[in-house]
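This report refers to the structure that appears directly beneath it.
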Amino acid sequence: MSAPTRLDEVRDRLAAELGEAALVTDRAELRTYECDGLAHLRVVPALVVLAETAEEVTSAVRACAEAGVPFVARGSGTGLSGGALPHPDGVLLVTSRMRRVIRVDPANERATVEPGVTNLEITKAASPHGFYFAPDPSSQQICSIGGNVAENSGGAHCLKYGFTAQHVTGLEIVTPDGERTQIGAGDAADAPGYDLVGAFVGSEGTLGVATRITVRLLRSPEAVQTLLAAFDDTDAAGQAVASIIAAGILPAAIEMMDALAISAAEAAVRCEYPEGAGAVVIVELDGPTAEVGPTLEEVERHCRACGAFEVRRAADAAERARIWKGRKSAFAAVGRISPDYIVQDGVVPRTALSEVLTEIAELSRAEDIRVANVFHAGDGNLHPLVLFDAAVPGEQERAEAVSSRILELCLSHGGSITGEHGVGADKVGAMAKMFLPDDLDTMQLLRCAFDPAGICNPGKVFPTPRLCGEVPGTRKGAHRLQEAGLGELF
Ligand SMILES: Cc1cc2nc3c(=O)[nH]c(=O)nc-3n(C[C@H](O)[C@H](O)[C@H](O)COP(=O)(O)OP(=O)(O)OC[C@H]3O[C@@H](n4cnc5c(N)ncnc54)[C@H](O)[C@@H]3O)c2cc1C
């Protein structure tokens, strides 16, 4: 009989502390957790822990820390960058059973929830009090708030209200050495000291596990009006977006879809967008009734001046839902028009949108790979969907090349390699295209302050050799780590 491994130690300890029902060890069942929404990257975890409480998360993390076993947190597994991709010799710590809305506090405009609560459940809990939770990823019916925090997720309404980071006021976290602690101001307006919540939100599960999340609630607006404008092409639609923003109008959302994305949405959900549209723009305004009506008139004028051949205003909630249905289902809808596709996520300055879309179209023609564009036009967050058929020899490789070239286009226009889906495992290599080695080392300082042993979601966000257990590097940045007393760790 072979000697027990460190993972066996963790398994036996957690079976005793949490009970067998909290563990998944059967190989076939473990496969259920082998990927997130980025399905082409797959790793079967060695052990899955289904935590129900913060105490259980603490026990699991402490067991891993004491045995030196890597662990990865997972919420609903809808991430699109492989952030929740398991470690083959590690523990996958799943929070989806932690579904309690702990409190809704309208007087302080706050809610506190467990990490497995879905994004939409927060709004559902707040709406009887006249409040809602603003960040609204298209996956909001299933993605967890823990995942939103880790990814600093965005959504259509983040143009006006900001991303998840602007709405998280306090966190209870379990640090990678197994300590449970509170960070942030919670109900207060501010807290002295470093903005640790700011560091944690968007850290993609590399700084610990969030076990309780306090979020800001916004008062539900008095009026919401939604308009859909159809254009001949994305150029005209892009001009309308620029013209609306230049006029000083700040809609709650401005979204754009091109012809290919529209045809996919039609095939999937029959959203009945205007026939023959080369692009549609969805504009949503919210606020006091007296303000929203006249502003909508103004938005319509801008759209028509830029060539909109049809403008539809949603007359009621049902029409509004129908307009959004096409947009919100666009990612999945693309499966109707292509057997395989890559969801890309990049950002460009709003002013570069038109130029970048033209360059993407040229790239698509040159490589004979179709690209559908669905995006948050207001904040320049592109989601090109690169279509291919893996059964056709060479097509996947060409699609991957187009997808990575699109990111380079974003960078060359002063943008970023990700807007909201994160770096995860998918874009680790692209980090070096955006940051200098010194920049990466400086970020690593923060990671090591939380996780000196390098066991918390290792290999994500930064290239694997930059974990905290490596020998000192030869690059300039390594000196900075040594000066900070972390040289031994590198
Ligand atoms: C159809 C579709 C549409 C989408 N639309 C959007 C969109 O509009 N905007 C957007 O931003 N994203 C979107 N996404 C991506 C995804 O839904 C978000 O990134 C979401 O926040 C992930 O949540 P999750 O619970 O599924 O997290 P997971 O996929 O389980 O995990 C994501 C990351 O969070 C970490 N993590 C999870 N829970 C915790 C925790 N408690 N503590 C610490 N780290 C944790 C994981 O380790 C991992 O790194 C979409 C995805 C799909 C499939």
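Here, each number is a calculation from the coordinates, and none is a lab measurement. This one's a predicted model, so the numbers in the text were calculated from it and none came from an experiment. Here Cβ is always computed from backbone atoms with ideal geometry, including for glycine, and neighbour counts include all displayed protein chains.
Once the Cβ-Cβ distance between Ala16 and Ala318 is put in as r, and R0 is 45 Å, what FRET efficiency do you end up with, to the nearest 0.05? Walk me through the numbers on the way to the answer.
On the way: r = 54 Å, r/R0 = 1.20.
Computed FRET efficiency for Ala16 and Ala318: 0.25.
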What is the count of Lys pairs in the chain whose alpha carbons sit under 24 Å apart, if the two are 8 or more places apart or on different chains? 10
Subtracting the Cα-Cα distance of Glu66 and Thr25 from 0.36 nm times their residue separation yields 12.7 nm
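Give me the number: length gained by fully extending Glu362 to Asp190, i.e. 0.36 nm times residue separation minus the C-alpha to C-alpha distance, one decimal in nm. Let's see the in-between values first.
Working: separation 172, 0.36 × 172 = 61.92 nm, distance 4.82 nm.
Gain in length upon complete extension: 57.1 nm.
How would segment 221-337 be classified by its alpha-carbon gyration tensor: rounded, prolate or oblate, with rounded meaning a/c under 1.5 and the a/b versus b/c comparison settling the rest? Intermediate results must be reported in sequence, preceding the final value.
Values: a/c = 2.14, a/b = 1.37, b/c = 1.56.
In terms of gyration-tensor shape, oblate.
Treat the count of other C-beta atoms within 10 Å as a stand-in for reagent exposure and order Glu297, Glu284 from fewest to most. Mind showing how you got there, number by number?
Numbers: Glu297 9, Glu284 25.
Starting with the residue having the fewest Cβ neighbours, the order is Glu297, Glu284.
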Local electrostatic count, Ser243, Cβ distance below 15 Å [Lys/Arg +1, Asp/Glu -1]: -1
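Suppose every K and R has +1 on its Cβ and every D and E has -1 on its Cβ; what is the size of the dipole of the chain about the Cα centre, in Debye to the nearest 20? Don't skip to the answer; put the middle values down first.
On the way: 43 positive and 67 negative charges, 84 e Å.
Charge dipole of the chain: 400 debye, to the nearest 20.
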Label-point gap, in nm, between Ser127 and Leu41 - each point 7 angstrom along Cα→Cβ: 3.4 nm
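Around Glu319, under 13 Å between beta carbons, what's the net of Lys plus Arg minus Asp minus Glu among the other residues?
Working: positive: Arg312, Arg313, Arg320, Arg322, Lys325; negative: Glu272, Glu284, Asp316.
After counting each charged neighbour, the total is +2.
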Can you give the local net charge around Ser203? Use residues other than it whose beta-carbon is closer than 12 angstrom to its beta-carbon, Lys and Arg +1, Asp and Glu -1. -1
How do Leu159, Leu93, Leu250, Leu120 line up, fewest other C-beta atoms within 10 Å first? Leu250, Leu120, Leu159, Leu93
Using a Förster distance of 41 angstrom, determine the FRET efficiency expected from the C-beta separation of Ala3 and Leu445, and round it to 0.05. 0.65
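In nm, what is the difference between 0.36 nm times the number of residues separating Glu355 and Arg270 and their Cα-Cα distance? Walk me through the numbers before you get to the answer.
On the way: separation 85, 0.36 × 85 = 30.60 nm, distance 3.04 nm.
Value of the extension gain: 27.6 nm.
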Report the charge-dipole magnitude of segment 6-94 in Debye, nearest 20, computed about the Cα centre from +1 at each Lys and Arg Cβ and -1 at each Asp and Glu Cβ. 320 debye
Starting from the 7 Å offset along Cα-to-Cβ, what nm value, one decimal, do you get for the label separation of Val392 and Leu250? 4.5 nm
Please report Asp136, Asp190, Asp439 as a ranked list, fewest other C-beta atoms within 10 angstrom at the top and most at the bottom. Asp190, Asp439, Asp136
